[in-house]
Structures are given as structure tokens and as C-alpha cells.
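S.K.: Structure provided below as C-alpha cells; questions to follow.
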Amino acid sequence: MSRQKLIRFAANALATNVLEVGKPLYETIKGKWNESYFLNNNPIVLELACGKGEYTVGLAQVFPDKNFIGIDVKGDRLAIGSQQAVDLGLKNVAFLRTNVEFLQNFFEAGEVAEIWITFPDPFNIKKSLRRRLTHPHFLEKYVSVIKKDGLLHLKTDNRELFDFTL
């Protein structure tokens, strides 16, 4: 493991805007994001597979009346967005280190107002189609946490993924 990754993992351990295994809120946050973390009643917006969190942070700057949670399994990537949010003084941003597979472990039914999927891996190989974040397997998970009138946003430049999603 690179020295840079170790530094970023250490930063995540100290960051109050990163929820990951070993932190108290990680196990108890389900259904309590607004009351336990954000301390407001603003709508919750997720960015799935957020990578370094640039889009999450950008949305949080543009929409201060919404709470944004960037989700990714790669902790070294999340550390970058986490630090950027801190540097900008953003209180409406959090990062959750988990696999999208486990979304239901962290959000109650109807707790989420919007979901963003921005330029996801299209997984063009037939045997990998189930890994697409717009596969029906994942869509069922999103339906279970999003409000009835919630929105799902997809940004892609891959025509095959777009057609598959439709």
C-alpha cells in the first residue's frame, strides 16, 4: 500500500464528515441522518460511487438547502472530497464508505430525496452487466430508500449504458 493511501486512510479516521467502519455513527445512522449528523431537516441527496467527491462537493456548494452524501467503497478517494468540503466550510456534506450493495443498511425507506449516478463504469462485458449501477438489482435498492416523488439522476457519455438503463 502506498504511503499516500496510508495518509488518506489516517485522515478519514479523524474526519468528522467521513462515516466508515469503526466510527460510532456508522452502525447507528440509519434513519437518523438529519437528526444525528446534519442537524437539520433538509432533503438528503446521495451520489453513488462518488470517487473523489468532486460532484458531491460541487452540488453542496450550489444547493446549501440540501444535505449531500457521497458514497464510495474506496477510502483513499473519499479523503480528497472530505478535505475539500472541510476547506470550503461545507456543513451539508458527508461521505459514507461502503459498497452501494449495502445502501439499505444506512438509509430508511423514504429517507432519501434524490440519487445521483455520475459517469458510472459501464461494465460493457456481458458477464458484468449485473454490476452496472442502473441494473434492476440496484434499482430495487434505490426504490427502497428513496421518497415516492424522489429523483434518480444519471449522467453518462456511454450510449450502451444509457440504452440499457432506459
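The values are calculated or read from the model by the stated rules, or taken from the named source; none is laboratory data. Note that this is a predicted model, so its numbers are computed, not measured. Glycine gets a Cβ as well: all are built from the backbone with ideal geometry, and neighbour counts include every protein chain shown. The protein model used for the area step is the full one, side chains on, heavy atoms only, and it has no ligands, DNA or RNA in it. Shrake-Rupley method; radii C 1.70, N 1.55, O 1.52, S 1.80 Å.
S.K.: For segment 1-144, what is the per residue volume of the convex hull drawn over the alpha-carbon atoms, in cubic angstrom?
M.R.: On the way: hull volume 16.2 nm³, N = 144.
Cα-based convex hull of segment 1-144, divided per residue, equals 112 Å³.
S.K.: Also, I was wondering about something else. In percent, what relative contact order does the chain have, based on Cα pairs under 8 Å that are 6 or more apart in sequence? Could the numbers behind the result be given before it?
M.R.: Details: 275 pairs, mean separation 37.4, N = 166.
Normalised by residue count, the contact order of the chain is 23 percent.
S.K.: Leaving out ligands, DNA and RNA, and with a 1.4 Å probe, what % of the accessible surface on segment 62-166 is carbon or sulfur?
M.R.: Details: 3130 of 5780 Å².
About 54 percent, which is the carbon plus sulfur part of the accessible surface.
S.K.: Another one. Going toward the positive end of the dipole of segment 13-89, with +1 on Lys and Arg Cβ and -1 on Asp and Glu Cβ, which of L19, S82, Y55 do you reach last?
M.R.: Selected residue: L19.
S.K.: Each residue of segment 109-114 in order: what ³J(HN,Hα) in whole Hz does its phi give by Karplus 6.51 cos²θ - 1.76 cosθ + 1.60, θ = phi - 60°, with x for Gly and Pro?
M.R.: 4, x, 7, 9, 8, 9
S.K.: Mind listing the phi-derived Karplus ³J(HN,Hα) values for segment 99-106, rounded to whole Hz, using 6.51, -1.76 and 1.60 with θ = phi - 60°, and x for any glycine or proline?
M.R.: Working through the residues one at a time gives 7, 4, 3, 9, 3, 5, 6, 10 Hz.
S.K.: Let me ask something additional. Could you do me a favour and compute the accessible area per residue for the chain, 1.4 Å probe, result in Å²?
M.R.: Values: 9190 Å² over 166 residues.
Per residue, the chain has 55 Å² of solvent-accessible surface.
S.K.: Among V145, L161, N105, pick out the residue whose Cα is farthest towards the positive end of the charge dipole of segment 58-166, where Lys and Arg carry +1 and Asp and Glu carry -1 on C-beta, about the Cα centre.
M.R.: Farthest towards the positive end: L161.
S.K.: Something else: About its Cα centre, what dipole magnitude does segment 101-166 give when the only charges are +1 on Lys and Arg Cβ and -1 on Asp and Glu Cβ, stated in debye to the nearest 20? Display every interim value, and only then the final one.
M.R.: Numbers: 10 positive and 10 negative charges, 62 e Å.
Around 300 debye, computed over segment 101-166.
S.K.: Okay, moving on. Let me check something: with ligands and nucleic acids excluded, how do D87, D76, D121 order by accessible area (1.4 Å probe), largest to smallest?
M.R.: Ranked from most to least accessible, the order is D87, D121, D76.
S.K.: Where is the GNM fluctuation largest for the chain (alpha-carbon springs, 10 angstrom cutoff): V62, V73, V21?
M.R.: Its mean-square fluctuation being the largest, the pick is V62.
S.K.: OK, next. For a bin width of 10 Å, list the pair-distance distribution of segment 120-166 built from all Cα-Cα distances, rounded to whole %.
M.R.: Distribution as computed: 25, 54, 20, 1 percent.
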